[in-house]
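Accompanying notes for the structure given below.
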Amino acid sequence: MKLTLHIIKKDMYQFRWSLVLWLACFVYFFLFQERATFHVDTQLRDILRLVAVLTIAVFSWALLVSIIQQDHPTDTRAFWKTRPVSALRLVMVKLGLVLALFVGIPLLIALTGGWLQHLVVFNTLREFSLMVLAMSSVTLTLAAAASCTSNIVYALVLWLGVVFGSGTVAELLSRSLPKLTAHLAMQMNMNRIITLLVFSAVLSLAIILNQYLRRRLTTTILLLILASAGCSLAGVLWSYYYFYHG
Amino acid sequence: MTFPMNIIETDRLTRRFRATEAVHALTLAVPTGSVFALLGPNGAGKTTTLKMLANLLLPTAGSARVLGVDSRKLGERELAQLGYVSEDQRLPDWMTVTQLLGYCRPFYPTWDADLEAKLLVRFELPADRKLSQLSRGMRMKAALLSSLAYRPKLLVLDEPFSGLDPVVRDDLTAGLLEAAQLGETTVLVSSHDIEEVERLADHVALLDGGRLRFSETTEALLGRFRRIEVDYEGTVDSSSLPESWLGWSSGGGRAVFVETAFQSEHTERACRERFPLARVRAHPMTLREIFITLARAGRHSTEEIAR
């Protein structure tokens, strides 16, 4: 445990300024989103909000990829590889850190926002759960892309490639789908989103564990293909299910 | 913990990169307490071998035992007794030398703060400077310091002298010799810098094209190689020379060759059979001369070169 904390401390220290800026962006966004008491016109506020969202997204992306790639799981030149740090310990550190930063902190901010707006958290549990699932899925897929590539640009290309690739395939396949009623389509969309998020998260976790613990390139490639194909199919098969059983 | 006679043992260790076989069925033993040099030209498979031993690369076939365990199962306990310094290692450049040592220290129960302080002075490292601001030689020293301060049982060095100036080489060699002379550390060093290796190593192995050409003590190797000069009269028949004679050249009443299985009486007798009235002189060879002779005779099979 002491060594685990030692590695976390090292990462936090290394990225201390980026983390401070990233948190500042979050707080700024939170102030605009939840407590917009500034006397600015709506158009300017929307622009500022958009800038804040984009800054947070880009910053989060760069920070997440850097945290993973700083101690790259498969690079034989990586410093940690010849130090007494087991791959299991490192993957726990990295996953714990990115999930705490990119799921824990947004959740905390959202809960604080809810509390300030006098929302009863229990009543909005479903929304919060969905938010945690979405954030976890995005974080894990980004972490998986980072663990498979050697720099930020490649990681972005891989992530976007898989997301848009499977999305395009799903879109093409959905042209021949049976027509659903509006009510059924709404029901299906929620289940479809949850399925896609869970499936992506599980596959990403498998890729990350393989990259750290087994280091089999073939397995990683197969899992990436499975993730893309699985997401495309999961997006399509729900329509058939609802058409015949809905 | 005590280790067996050999701190490293490989059994038909093989690594392929697609169609290329970087290391072919390598069977090697590194005795505990030795300074073992793995020599070979560029692309001989030295780095790949060391990476497999440190579990940085998985073997395609065969196996290796390092510090008494399968190299693929090296855990935190074994890695705490293993030092690895490579020319292409990615150090955390954002750290200062002090931060690097501070980061490494908690991982090693055997970390010796006095030795760390002593090596810091010996290597003349600027403690508060970032690694990214250090020269190549200084970075190598910092890496070596972070791998020596816990008195590892096994120190693996991949081309540590490559591209360094003579002063830095001397500092590194002195540091390594000091560690080795304490008898606690086995050093496995890969290099094509033969002069430095000659100062350090008591065991030598030669890899060429991923294959092991020989592995023996430096003393035995230097003992069995001699450059022979023969001053003769008349002509000589060079069609049936012994297989242990390499690099034969003759002309103007003098023949020169390298005897790879030198034994004073035996070699002299073999020469006398061919040149009854000749004057035969045997000159000791340096490791560098032996290496060059073997490289030139690369077309000879392993059996021809080996004892």
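The values are calculated or read from the model by the stated rules, or taken from the named source; none is laboratory data. This structure is a prediction, so every number in the text was calculated from the model and none was measured. A quick note on method: Cβ atoms are made from the backbone with ideal geometry, for glycine too, and the neighbour counts reach across all protein chains shown.
Points to keep in mind about this one:
- Some residue of region B:210-217 being touching an Asp or Glu at 6+ places or on another chain (Cβ under 6 Å) and within 18 Å of B:Arg136 (Cβ to Cβ): no
- Some residue of region B:166-187 being at pLDDT 90 or above, within 30 Å of B:Arg15 (Cα to Cα) and crowded, with 20+ Cβ neighbours inside 10 Å: yes
- Residue identified as more than 19 Å from B:Glu216 (Cβ to Cβ) and without any contact (Cβ under 8 Å) to a residue 12 or more places away in the chain among B:Thr20, B:Thr48, B:Thr14: B:Thr20
Conditions (1) touching an Asp or Glu at 6+ places or on another chain (Cβ under 7 Å); (2) modelled with pLDDT of 85 or more, marked per residue:
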position	(1), (2)
A:Trp22	no, yes
A:Phe29	no, no
A:Phe32	no, no
A:Ser60	no, yes
A:Asp71	no, yes
A:Arg77	yes, yes
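- Test: residue in region B:22-41 that is within 8 Å of chain A (Cβ to nearest Cβ) and either at pLDDT below 95 or at negative phi (or both): no
- Selection of region A:68-79 for residues being assigned to a helix (DSSP H, G or I) and in contact (Cβ under 8 Å) with a residue 12 or more places away in the chain yields A:Ile68, A:Gln69, A:Gln70.
- Those residues of region B:85-103 which are in a helix (DSSP H, G or I), facing chain A (nearest Cβ under 10 Å) and not polar (S, T, N, Q), in sequence order: B:Leu100, B:Gly102, B:Tyr103
- Any hit, region B:108-130, residues being part of a helix (DSSP H, G or I), surrounded by fewer than 22 Cβ atoms within 10 Å (Cβ to Cβ) and within 14 Å of chain A (Cβ to nearest Cβ): no
- Of everything listed in (1) on the phi > 0 side of the Ramachandran plot; (2) loosely packed, with under 14 Cβ neighbours inside 10 Å, the single unmet condition for A:Thr218 is (1).
- Residue pairs whose Cβ atoms lie under 9 Å apart, separated by 6 or more positions or on different chains, with the first residue in region A:27-49 and within 20 Å of A:Ala110 (Cβ to Cβ) and the second loosely packed, with under 11 Cβ neighbours inside 10 Å and modelled with pLDDT of 70 or more, are A:Glu34/A:Gln117.
- Exactly one residue among B:Ala143, B:Ala179 is closer than 25 Å to B:Leu56 by Cα, touching a residue at least 24 places away in the same chain (Cβ under 8 Å), more than 14 Å from chain A (Cβ to nearest Cβ) and not in a strand (DSSP E or B), and that residue is B:Ala179.
- Extreme residue, surrounded by the fewest Cβ atoms within 10 Å (Cβ to Cβ), among residues of region A:2-14 that are at the interface with chain B (Cβ under 10 Å from one of its Cβ atoms) and not aliphatic (A, V, I, L, M): A:Lys2
- For region B:31-42, the condition of being of a type outside the set (Ser, Thr, Tyr), out of contact with any helix residue (DSSP H, G or I) (no Cβ under 6 Å at 6 or more places or on another chain) and without any contact (Cβ under 8 Å) to a residue 40 or more places away in the chain holds for none of the residues.
- Taking each residue of region B:204-218 that is outside any strand (DSSP E or B) and looking for partners that are crowded, with 19+ Cβ neighbours inside 10 Å with beta-carbon atoms closer than 6 Å, six or more apart or interchain, yields B:Gly210/B:Ala22; B:Gly210/B:Val23; B:Gly210/B:Gly45; B:Thr218/B:Ala201; B:Thr218/B:Val204.
- Test result for B:Leu148, over 28 Å from A:Arg214 (Cβ atoms) and either modelled with pLDDT under 90 or in contact with a helix residue (DSSP H, G or I) (Cβ under 7 Å, 6 or more places away or on another chain) (or both): yes
Results for (1) of a type in the set (Phe, Trp, Tyr); (2) assigned to a helix (DSSP H, G or I); (3) within 19 Å of the chain's Cα centre (by Cα); (4) surrounded by fewer than 20 Cβ atoms within 10 Å (Cβ to Cβ), shown as yes or no for each residue.
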residue: A:Ala52; (1), (2), (3), (4): no, yes, yes, yes
residue: A:Ile56; (1), (2), (3), (4): no, yes, yes, yes
residue: A:Ser66; (1), (2), (3), (4): no, yes, yes, yes
residue: A:Lys81; (1), (2), (3), (4): no, yes, no, no
residue: A:Pro84; (1), (2), (3), (4): no, no, no, no
residue: A:Val93; (1), (2), (3), (4): no, yes, yes, no
residue: A:Ala100; (1), (2), (3), (4): no, yes, yes, yes
residue: A:Ile105; (1), (2), (3), (4): no, yes, yes, yes
residue: A:Ile109; (1), (2), (3), (4): no, yes, yes, yes
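- Looking across region B:50-80 at every residue that is out of contact with any Ser or Thr (no Cβ under 8 Å at 6 or more places or on another chain) and more than 18 Å from A:Pro73 (Cβ to Cβ), the one that is surrounded by the most Cβ atoms within 10 Å (Cβ to Cβ) is identified as B:Val66.
- Among the residues making up region B:131-140, those that are assigned to a helix (DSSP H, G or I) and either surrounded by 14 or more Cβ atoms within 10 Å (Cβ to Cβ) or on the phi > 0 side of the Ramachandran plot (or both) are B:Leu131, B:Gly137, B:Met138, B:Arg139, B:Met140.
- Condition broken by B:His266, with the remaining ones in (1) free of Cβ contacts under 8 Å to residues at least 40 places away in the same chain; (2) in contact with a strand residue (DSSP E or B) (Cβ under 6 Å, 6 or more places away or on another chain) satisfied: (2)
- Failed criterion for B:Phe17 (all others in (1) within 14 Å of chain A (Cβ to nearest Cβ); (2) surrounded by 16 or more Cβ atoms within 10 Å (Cβ to Cβ); (3) not charged (D, E, K, R) hold): (2)
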